[in-house]
Structure formats: C-alpha cells, structure tokens
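Quick notes on the structure that follows.
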C-alpha cells in the first residue's frame, strides 16, 4: 500500500516542469475519487442519503471540503437515527 501511495510522487518528482494539462488532471483526482465513493450510496440510497446529499450540496456553495463532509455526515447519521 505504501509503494502505491509514494509511487506517484516519485514519478512526478523526476520532472522539473509538469505540463499544465497533467497538473490540472492530477488536481481533479481527489474530486473524482470522492465522487466514486459518494455517488453509488447516494443514488442507491433512501431518504437519509438523499437528505445528506442535498445538505452537502448546499454547504458546498459556501463552505470548504471539511464543512461539506461534516455537514453531510451529520445529516446522514441523524436521518438514519430518526428516519430509519
């Protein structure tokens, strides 16, 4: 696991200049990974998941990534507790 995490850094560190398109693609990776984790649960989920998705979407208009995560997780936990 450690080698896969450090491998990308080792490859990229060998280059003095990174093409802007490559850098833009690498910057998009975290959002793509988060989408692959959230989308199946949200689309296949019930009212609790949809409520969390809506709240996270609203928080994303003003808040940072941590605020989005915390708001969505809090709504999901509370909705599952009270809605079922």
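Of all residues in the range 54-67 being at pLDDT below 90 and under 12 Å from the mean Cα position of the chain (by Cα), which is nearest to residue 77 (Cα to Cα)?
In this case the residue turns out to be 65.
Residues are listed down the side, and each one gets a yes or a no for (1) in a helix (DSSP H, G or I); (2) in contact with a helix residue (DSSP H, G or I) (Cβ under 8 Å, 6 or more places away or on another chain); (3) within 22 Å of residue 78 (Cα to Cα); (4) free of Cβ contacts under 8 Å to residues at least 12 places away in the same chain:
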{"residue": "24", "(1), (2), (3), (4)": "yes, no, no, yes"}
{"residue": "37", "(1), (2), (3), (4)": "yes, no, yes, yes"}
{"residue": "41", "(1), (2), (3), (4)": "yes, yes, yes, yes"}
{"residue": "49", "(1), (2), (3), (4)": "yes, yes, yes, no"}
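Anything in the range 2-22 that is assigned to a helix (DSSP H, G or I), modelled with pLDDT of 80 or more and exposed (fewer than 10 other Cβ atoms within 10 Å of the Cβ)? List them, or say none.
Passing the criteria: 2, 3, 10, 11, 20, 21.
Identify all residues within the range 59-72 that are loosely packed, with under 13 Cβ neighbours inside 10 Å and part of a helix (DSSP H, G or I); write none if there are none. I'd like the intermediate steps shown before the answer.
Our first condition is that a residue be loosely packed, with under 13 Cβ neighbours inside 10 Å; within the range 59-72, this holds for 61-62, 64-66.
Within the range 59-72, 65, 66 qualify.
Could you check the range 68-80 and list, in sequence order, the residues that are within 15 Å of the chain's Cα centre (by Cα) and farther than 16 Å from residue 39 by Cα?
If the condition is that a residue be within 15 Å of the chain's Cα centre (by Cα) and farther than 16 Å from residue 39 by Cα, then 70, 71 are the ones that fit.
Name every residue in the range 32-49 that is over 19 Å from residue 69 (Cβ atoms) and surrounded by 10 or more Cβ atoms within 10 Å (Cβ to Cβ), in order of residue number.
46, 47
When you go through (1) surrounded by 10 or more Cβ atoms within 10 Å (Cβ to Cβ); (2) more than 16 Å from the chain's Cα centre (by Cα); (3) within 30 Å of residue 74 (Cα to Cα) one by one for residue 29, which number turns out not to apply?
(2)
The values are calculated or read from the model by the stated rules, or taken from the named source; none is laboratory data. Note that the structure is predicted; figures quoted are calculated from it, not measured. Positions of Cβ are generated from backbone atoms using ideal geometry, with glycine treated the same way; all protein chains shown enter the neighbour counts.
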